[in-house]
1. Residue B:8 label points, 7 Å along Cα→Cβ, one per copy: pairwise distances from this copy to the rest in nm, shortest first?
2. How high is the relative contact order of chain A, in percent, with contacts defined as C-alpha pairs under 8 Å that are six or more residues apart?
3. From the Cα gyration tensor of the protein assembly as shown, with a ≥ b ≥ c the square roots of its eigenvalues, which class applies: rounded if a/c is under 1.5, or else prolate if a/b is larger than b/c, or else oblate?
4. Compute the projected area of the convex hull of the Cα atoms of the range B:43-94, averaged over all viewing directions, and report it in nm² to one decimal place.
5. Restricting to DSSP H runs of at least four residues, report the calculated mean residue ellipticity at 222 nm for chain B, -39500 (n - 2.57) per run over all residues, nearest 500 deg cm²/dmol.
6. What are the nm distances, shortest first, from residue A:49 to its equivalents in the other copies, labels at 7 Å along Cα→Cβ?
7. Find every distance from the label point of residue B:68 to the corresponding label point in the other copies (7 Å from Cα along Cα→Cβ) and write them in nm, one decimal, shortest first.
8. Which of these, B:28, B:50, B:76, has the largest mean-square fluctuation under a Gaussian network model of chain B (Cα springs below 10 Å)?
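FYI, it's all coordinate maths here, none of it is from the lab. Keep in mind the model is a prediction, meaning the values are calculated, not measured. For neighbour counting, all protein chains shown are included, and Cβ atoms are generated from backbone atoms with ideal geometry for every residue, glycine included.
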DNA sequence: GCCCTATCTTGACATACTTCGAAACAGTGC
DNA sequence: GCACTGTTTCGAAGTATGTCAAGATAGGGC
């Protein structure tokens, strides 16, 4: 792992390194698509705070979103998860 | 993923969420054992700083260490990596 | 044994980043 | 216009990062 690769990948792990974001990502990954209004009630946090965490997941490339009428829908980016998974798996099997 | 599971797992991702620690973990994982004195030269950081990052990896349960004479040897905890990997892989394959 | 050096960790500190809520803003539909 | 859903901005409190100095532990020379 060289410096550039670490700088590219670390933000993804960092994004998952918060309990709230980890749960958000898990909820989004559990379905094909998830509306923000379905996520917010599961947390004792304000709307802006959830929105902030979603933005970090978005900027890390782990999720993507689209506004469709009144609601905003989020979905997981499977390729990103896959690359992290294989990265962890190689040394784990040694 | 319930709240307790997230609180247990997030610190591991957080530990990997720093470029320096990600590279440290990768270097340690690449060999059966690694001496701290082999890690430090690869970074433009002081010894105490490296030691600090290694402590975080240790507290996250990702690596373990042992003093053997003058040197301290670190090794990876494969089970921890494996659990993170499978966690990511399930939704990634959907 | 005693001192000296080398290796690594710990403690104290300054700086920078995170987290979160309140208020303001933007987009959509009636 | 008005109500509703999310996002952005701003500020306060907490947490992380990195350096310096000091401490702990081991080995070698005398």
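1. 3.4
2. Values: 80 pairs, mean separation 27.1, N = 94.
Relative contact order comes out at 29 percent.
3. Details: a/c = 2.33, a/b = 2.19, b/c = 1.06.
Verdict is prolate for the protein assembly as shown.
4. 4.9
5. Calculated at 222 nm, the ellipticity per residue is -18500 deg cm²/dmol.
6. Nearest to farthest, the other copies are at 3.2 nm.
7. Shortest to longest, the spacings are 5.7 nm.
8. Among B:28, B:50, B:76, the largest mean-square fluctuation in the Gaussian network model of chain B belongs to B:50.
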